[in-house]
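The values are calculated or read from the model by the stated rules, or taken from the named source; none is laboratory data. A quick note: this is a predicted structure, and the numbers were derived from the prediction, not measured. When we count neighbours, we look across all protein chains shown, and the Cβ atoms used for this are built from the backbone with ideal geometry, even at glycine. In case anyone asks, the SASA skips ligands and DNA or RNA and just uses the protein heavy atoms, side chains included. Shrake-Rupley method; radii C 1.70, N 1.55, O 1.52, S 1.80 Å.
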Amino acid sequence: MGMTADDIPPVERQKSRSAMYKLVTAAAYSIINYCANDLSYSKCEGCLLDEPAQLAHECLTWPSAFYEENLKHVCCNLNMGPVLYVITAVGISMNIFSMNQNHIVALANLVEDIRSAPKPCEHLRATFQKCHEPYVKLVEKFLHNTFQNRMSLTTFL
C-alpha cells in the first residue's frame, strides 16, 4: 500500500467504530474532491497541455456554477465499488475495519447530501471541515500510491 506505520494514526480498539465513520467521511470527501477536480481539469485545454501561462487556462474564468455542476455530476455517477475498496483497504491497514450497512448508508447519504445541496461546493468544503485531517491525508496517500498514473476519472465514475 506504500504506507508506513508512521502514516497510520493509532486508534484505541473501543473507538474503532467512530474511527470507521471518520474514515468513511474522509474517503468520500477525498474521492469526490479528486473526481471533481479531475473532471474540471479534463475540460481545460491549458490544464491538459500543462501551460505555464495563466491566460491559457480558461478554467480560471469559469463561473462557480460550472464547478457546482461538475460536483453534481460526480455525485450522480460515483461508482461505490472502488470507493468501498479504498475504505476497506485503509480500514484494514488501520486495524479498524468494521464495515456494516450503517457505514454504507452513511456514505450514500453523504454523497446524496452533497449532490442535492443548493451549493455543492460549499457542502463539500463543510464536509472537509468535519473530516479528521490525518484520515484525509491517509486516504489521499493511499489513492496516490495505489493508483498512481493509472487513476483517472474512470476509476470512480
Residue (of 86, 103, 124) at the positive-pole extreme of the chain, dipole from beta-carbon charges:
103
Using only the Cα atoms of segment 1-61, build the gyration tensor, take square roots of its eigenvalues as a ≥ b ≥ c, and label the shape rounded, prolate or oblate: rounded if a/c is under 1.5, else prolate if a/b is larger than b/c, else oblate.
prolate
Segment 24-122, accessible surface, carbon-and-sulfur percent (1.4 angstrom probe):
54
Determine, from the Cβ-Cβ distance of residue 40 and residue 88 and an R0 of 25 Å, the FRET efficiency 1/(1 + (r/R0)^6), rounded to the nearest 0.05.
0.35
Principal-axis tilt of helix 101-116 within the chain, Cα atoms, nearest 10 degrees:
20
Subset of 22/130; 22/141; 72/137; 43/137; 72/141 violating a 18 Å alpha-carbon distance limit:
72/137; 43/137; 72/141
For segment 1-155, convex hull volume per residue from C-alpha positions, Å³
117
As a check on your grasp of the helix formula, calculate [θ] at 222 nm for the chain: sum -39500 (n - 2.57) over DSSP H runs of n ≥ 4, divide by the residue count, round to the nearest 500.
-21000 deg cm²/dmol
To the nearest 10 degrees, how steeply does helix 133-147 sit against the main Cα axis of the chain, on a 0 to 90 scale?
70
Derived scalar couplings ³J(HN,Hα) [segment 56-73; Karplus, 6.51 cos²θ - 1.76 cosθ + 1.60; whole Hz; x for Gly, Pro]
7, 9, 5, 4, 6, 10, 5, x, 4, 4, 4, 5, 4, 5, 4, 5, 4, 4
Could you name the aspartates and glutamates whose alpha carbon sits less than 18 Å from that of residue 119, not counting residues in the same chain fewer than 8 places away?
68, 69
To the nearest 10 degrees, how steeply does helix 16-42 sit against the main Cα axis of the chain, on a 0 to 90 scale?
20
Considering only the other residues whose Cβ falls under 15 Å of the Cβ of residue 136, what net charge follows from Lys and Arg at +1 and Asp and Glu at -1?
+2
How much accessible area per residue does the chain have, in Å², with a 1.4 Å probe?
57
Counting other Cβ atoms within 10 Å, which trypsin sites (Lys or Arg not before Pro) in segment 1-89 have at most 14 and lie in a DSSP loop?
43
